[in-house]
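Asks: Please see the structure below; I have some questions.
The values are calculated or read from the model by the stated rules, or taken from the named source; none is laboratory data. None of the values given here were measured: they were computed from a predicted structure. Counting neighbours? That spans all protein chains shown, and the Cβs are built from the backbone with ideal geometry, glycine included. Remember, those area values only see protein heavy atoms, side chains included, never the ligands or the DNA or RNA. Shrake-Rupley method; radii C 1.70, N 1.55, O 1.52, S 1.80 Å.
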Amino acid sequence: MTLPGWTREPLVHFLFGGLLLFAFFAWRGEDVDPASRSIDISREQQARIALQFERTMQRAPTDGELDALVDQYVREEVLYREALRLGLNNDDAVVRKRMAQKMDYLAASRAETQQPSDATLQAWLDEHPARFAPDSRFSFDQLWFAEKSAADAAKARLDTEGRWQDLGERISLPSSLDAASRSDVTARFGSEFAANLEGGAKDEWIGPVRSGFGFHLVRLRDATNGPVPPLAEIRDRVENDWRAETMAKRRGEAFAILRDAYDVTLEQ
């Protein structure tokens, strides 16, 4: 039987996985009851503990080691439940961030293990030649702003101001660079900034573009690419780049679907 094409979409898997998790927890009830003083360690849980040891140590645990691992599990469970009883999970930034990371991982997990074909990687290489050409160089102007709102306001004034250099805020970054290598641009401004230069229209201000410093308005004046190596020579680099960007894209798409279900009110 041939399944419809939409069943292979990662976002469908993400939403289906979320539905299964919801159904599982609805069936199982509360994951841990902080008021309960009973800890039952099933044979399946003991097997998972042994398997985790085996994956790490590349061998099965001895009986003594397994007893120690179970004792460690019991210790963690006791402390975890007591922490819940004390409400230590509430308003904990570390716990909150960790849970958000798990959701991001769930959305991108398929791309992490997917093996792209040569055709997929060749298309990726053709689409992003500047990332892999050893001698890609850019000449550009940039204005820096600490806040995105300030960058948006300055962009609206670029067409009417005589000196664009006066619109940016002060920072120890050059306002113009000539024939800067991609590696130099990445080292100074970050990979997201460099990616925005690739394939950008010349002599047009774009942005705000985010960097580690804040937000930039950027005008590409010139871009040159050296010869791009064949895929066979740089396959690992191309695959790593494809995988990282595909995972980021899927995280963003999954979050957009979830975010649409929320109303956010920011009190002024």
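Asks: Which condition number does residue 121 fail, the rest of (1) more than 29 Å from the chain's Cα centre (by Cα); (2) touching a residue at least 60 places away in the same chain (Cβ under 8 Å) being met?
Replies: All conditions pass for residue 121, except number (1).
Asks: Further question on the same structure: Restricting attention to region 168-189, which residues are open to solvent by less than 40 Å² (accessible area, probe 1.4 Å) and closer than 20 Å to residue 152 by Cβ?
Replies: 168, 173, 189
Asks: Hey, another quick one. Take the residues in region 39-83 that are closer than 24 Å to residue 95 by Cβ and polar (S, T, N, Q); name whichever of them is most open to solvent (accessible area, probe 1.4 Å).
Replies: Residue satisfying both the conditions and the ranking: 52.
Asks: Further, regarding this structure: Being small (Gly, Ala, Ser) and farther than 30 Å from residue 105 by Cα is true for just one of 194, 187, 154. Which residue is that? Let's see the steps before the verdict.
Replies: On the way: 194 fails: farther than 30 Å from residue 105 by Cα; 187 fails: farther than 30 Å from residue 105 by Cα.
Of 194, 187, 154, the one residue that is small (Gly, Ala, Ser) and farther than 30 Å from residue 105 by Cα is 154.
Asks: Specify the residue that is nearest to the chain's Cα centre (by Cα); the eligible residues are those in region 88-112 that are polar (S, T, N, Q) and surrounded by 13 or more Cβ atoms within 10 Å (Cβ to Cβ).
Replies: Going residue by residue through region 88-112, those that are polar (S, T, N, Q) are 89-90, 101, 109.
Next, from what is left, pick out any that are surrounded by 13 or more Cβ atoms within 10 Å (Cβ to Cβ): 89, 109.
On the way: 89: 24, 109: 11 Å.
So the residue we want is 109.
Asks: Name, by its number, the condition in (1) open to solvent by 60 Å² or more (accessible area, probe 1.4 Å); (2) touching a residue at least 40 places away in the same chain (Cβ under 8 Å) that does not hold for residue 130.
Replies: In the conditions (1) open to solvent by 60 Å² or more (accessible area, probe 1.4 Å); (2) touching a residue at least 40 places away in the same chain (Cβ under 8 Å), residue 130 misses (1) alone.
Asks: If I ask for residues that are aliphatic (A, V, I, L, M), assigned to a helix (DSSP H, G or I) and open to solvent by 50 Å² or more (accessible area, probe 1.4 Å), which ones from region 249-268 would you list?
Replies: In the first step, residues of region 249-268 are kept if they are aliphatic (A, V, I, L, M); the result is 254, 256-258, 261, 264, 266.
In the following step, the residues that additionally are assigned to a helix (DSSP H, G or I) were identified as 254, 256-258.
Within region 249-268, 257, 258 qualify.
Asks: Right, something else. Give the residues of region 220-233 that are in contact with a helix residue (DSSP H, G or I) (Cβ under 8 Å, 6 or more places away or on another chain) and either at pLDDT 90 or above or open to solvent by less than 20 Å² (accessible area, probe 1.4 Å) (or both), sorted by residue number.
Replies: Of the residues in region 220-233, the ones in contact with a helix residue (DSSP H, G or I) (Cβ under 8 Å, 6 or more places away or on another chain) are 220, 223, 225, 228, 231.
Of everything in region 220-233, those that are in contact with a helix residue (DSSP H, G or I) (Cβ under 8 Å, 6 or more places away or on another chain) and either at pLDDT 90 or above or open to solvent by less than 20 Å² (accessible area, probe 1.4 Å) (or both) turn out to be 220, 231.
Asks: Filter region 89-146 down to the residues that are of a type in the set (Phe, Trp, Tyr) and assigned to a helix (DSSP H, G or I), then identify the one that is farthest from residue 175 (Cα to Cα).
Replies: The selected residue is 105.
Asks: Just checking, does region 113-120 include any residue being more than 30 Å from residue 167 (Cα to Cα), open to solvent by 50 Å² or more (accessible area, probe 1.4 Å) and in contact with a Gly (Cβ under 7 Å, 6 or more places away or on another chain)? Give the steps one after another, and end with the answer.
Replies: First, pick out the residues of region 113-120 that are more than 30 Å from residue 167 (Cα to Cα): 113-120.
Still in the list and also open to solvent by 50 Å² or more (accessible area, probe 1.4 Å): 113-115, 117-120.
Those left that are additionally in contact with a Gly (Cβ under 7 Å, 6 or more places away or on another chain): none.
For region 113-120, residues more than 30 Å from residue 167 (Cα to Cα), open to solvent by 50 Å² or more (accessible area, probe 1.4 Å) and in contact with a Gly (Cβ under 7 Å, 6 or more places away or on another chain): absent.
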